[in-house]
Amino acid sequence: MNNIFESTPTDLFIGGVWAPAKSGERIDVTDPATERVIATCSSGNVDDAIRAVDAAKAAASQWSSTAPRERAEVLRRAFELMIERRDDLAIIISSEEGKTRAEALGEVTYAAEFFRWYAEEAPRIKGHFGRGPAGTNHIIVDHSPVGVSLLITPWNFPAAMATRKIAPALAAGCTVVLKPASETPLTALAVAQLLDDAGVPAGAVNVLPSNRSAEISNSILDDERVKLVSFTGSTEVGRILLAKASQRIVISSMELGGNAPFVVLDDADMDVALESALIAKLRNAGESCIGANRFYVHNSIKDEFAKRFAAAMSNLKIGSGLKDGVDIGPLVNASTRNKVEKLVNDAVSEGAKALTGGKRPDGPGFFYEPTVLVNVDPDADILKAEIFGPVAPIVGFDDDEDAIFMANDTTFGLAAYVIGSTGHALAIAQRIDAGVVGVNRGFVSDPAAPFGGMKQSGIGREGSQDGIHEFLETKYIAIDW
Ligand code: NAD
């Protein structure tokens, strides 16, 4: 076992106290590159969940009345501590999630930026004062924290998905219970530790890993004291949580699945297209909600794009994210890898051809070879499902209208990419139904930008000025002057 795990907490963090779950239940944390258990951590149950809500409620009034400047300074310290602990956090992320060291370091920096950004936003929560159009009254608009919030995060960006919620919640004056994914609890617990060290008061942030996600989220959402659920994960689970939240009309913010089209227009710069495609496809070995899932390439350049993309993909070195010189790590678990394998096998049996990859390598670890598929049936499942792996199916088009139709022919609407001359690409970008569009670039994440999906990819936005408003109520006061 790596030394870092000796200093990483593995208990529940409730009310500022680290303690194991009374039930004694534990979660096995597995390194997806070796399939070995690297640590275990406490698994909370319903009693622990209610204790966490008690703690968050007890801390709520003091934290909401703490001066915005003071809240900002705590967040700023959290940013600094996260950058200081960047290397250790990156090792934890690579060990339990599988991404390469370089990507894990990038994730920690990105995650820390949410603390910095919301440290800057906390003192800038603006209300509004104005005169009604009739001239007879005045309008005051004020914002207040919604209160105790349930945060549920996925495994693919275990640090960033947590800070993208915790930072705006704390900046707004809310207190939270975070339920991280069971695949990656150690990163969340390390984030809890740094928040404690940064001076977040006891109970303002509670972290509760659990193997009993449905049970504990149901009991938390049944609790009158809980006012909001902010979820990042699959559309399937988002739908379940929305149904549950509807019973008490709990405020809901949903960052859900995606199926991003990557459109290469006839006037695209081929080098830009290839560089952007590699970034948009391979971030986190393809396990990204905004990962390019389907490639629509103009038929005049499709063969060249496919050939060069396949050559670049075949040069990538697969291995444990903890090792130097590795370009692509394992997928997070067997079921994720098996899903990718089935989608590729089905596409090939329907006539697709793998220019590179197309199988899992031998040996332990949940690896899958970087794969480029051509001759893909436009109705194939691989174009409809979220692949969540390093697989790029390519389909040609002749007319921009066809590309726009195919790009929008999905229930998802999170991200999209368009590569082409600027005016041309922007015109297409405006017609694609997605919350985030990369034009001539494959990297789109930015804490200062609103991130979220249209259609079944979500409700609400995280990051930017919008992210803090997810955690604020708006009150209008009508006043005679
Ligand atoms: P998931 O939906 O299986 O799990 C997400 C979280 O929900 C985990 O903490 C899990 O333990 C918990 N959970 C599972 N079932 C639950 C239930 N019945 N009730 C309450 N909680 C439950 O998703 P995942 O496999 O961890 O992550 C991958 C998915 O997340 C992909 O679909 C991806 O697109 C999506 N995602 C979206 C964004 C975004 O910003 N839109 C970002 C990252 C990931």
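The values are calculated or read from the model by the stated rules, or taken from the named source; none is laboratory data. Predicted model, so just to flag it, every value in this text is computed and none were measured. All Cβ positions, even for glycine, are placed from backbone atoms using ideal geometry, and neighbour counts span all protein chains on display. SASA here: full protein model, heavy atoms, side chains in, ligands and nucleic acids out. Shrake-Rupley method; radii C 1.70, N 1.55, O 1.52, S 1.80 Å.
Measure nothing but the geometry: give the 0 to 90° angle between the long axis through the Cα atoms of 160-172 and the longest principal axis through the Cα atoms of the chain, rounded to 10°.
Between helix and principal axis, roughly 30 degrees.
How many angstrom lie between the Cα centre of segment 347-423 and the Cα centre of segment 176-204?
36 Å
To the nearest 10 degrees, how steep is helix 185-198 against the longest Cα principal axis of the chain, on a 0 to 90 scale?
Approximately 40 degrees, to the nearest 10.
Of the listed peptides 132-139, 43-50, 459-466, 202-209, what is their order by residue-averaged count of other C-beta atoms within 10 Å, with the highest listed first?
Put in order of decreasing packing, that is 202-209, 43-50, 459-466, 132-139.
Kindly provide the trypsin sites (Lys or Arg not before Pro) of segment 173-228 that DSSP labels as loop, not H, G, I, E or B, and whose Cβ sees at most 15 other Cβ atoms within 10 Å.
Arg225
Pairwise over distinct Cα atoms, reciprocal of the mean inverse distance: report the Kirkwood radius of segment 301-344 in Å, one decimal place.
Evaluated on segment 301-344, it is 12.4 Å.
Which value, in debye to the nearest 20, gives the size of the charge dipole of the chain about its Cα centre, when Lys and Arg are +1 and Asp and Glu are -1 at the Cβ?
In debye, rounded to 20, the chain gives about 920.
Using amide H atoms built 1.01 Å from N in the peptide plane, name the residues 5+ places from Leu178, or on other chains, whose amide H lies under 5 Å from its own.
Leu151, Asn206, Val207, Leu208
On the accessible surface of the chain, probed at 1.4 Å, how many percent belong to carbon and sulfur atoms?
So the carbon and sulfur contribution to the accessible surface is 50 percent.
Consider just the alpha-carbon atoms of segment 1-150 and return their Rg together with their Dmax, both in angstrom.
Final numbers for Rg and Dmax: 20.9, 71 Å.
If you place +1 on the Cβ of every Lys and Arg, -1 on the Cβ of every Asp and Glu, and leave all else neutral, what size is the dipole of segment 260-447 about its Cα centre, to the nearest 20 Debye?
The calculated dipole for segment 260-447 is roughly 820 debye.
In Å, what Kirkwood hydrodynamic radius results for segment 23-107 from the alpha-carbon pair distances?
Final number for the Kirkwood radius of segment 23-107 is 16.0 Å.
Pairs Lys99/Lys179; Lys165/Lys227; Lys339/Lys384; Lys302/Lys342; Lys126/Lys475: which exceed 18 Å Cα-Cα?
Pairs exceeding the cut-off: Lys99/Lys179; Lys302/Lys342.
Solvent-accessible area per residue for segment 260-447 at a 1.4 Å probe radius, Å²?
Value for segment 260-447: 40 Å² per residue.
With a 1.4 Å probe and every protein chain left in place, tell me how much accessible area Trp63 has, in Å² to the nearest 10.
10 Å²
Rounded to the nearest 10 degrees, what's the angle between the helix 68-84 long axis and the longest principal axis of the chain, both from Cα atoms, 0 to 90?
Roughly 40 degrees, rounded to the nearest 10.
Sort largest first and round to whole Å: the equivalent ellipsoid semi-axes of segment 260-447, each the square root of five times a Cα gyration tensor eigenvalue.
In descending order the semi-axes read 25, 17, 16 Å.
Any chance you could tell me what percent of the C-alpha pair distances in the chain go past 41 Å?
Cα-Cα pairs of the chain separated by over 41 Å account for 20 percent.
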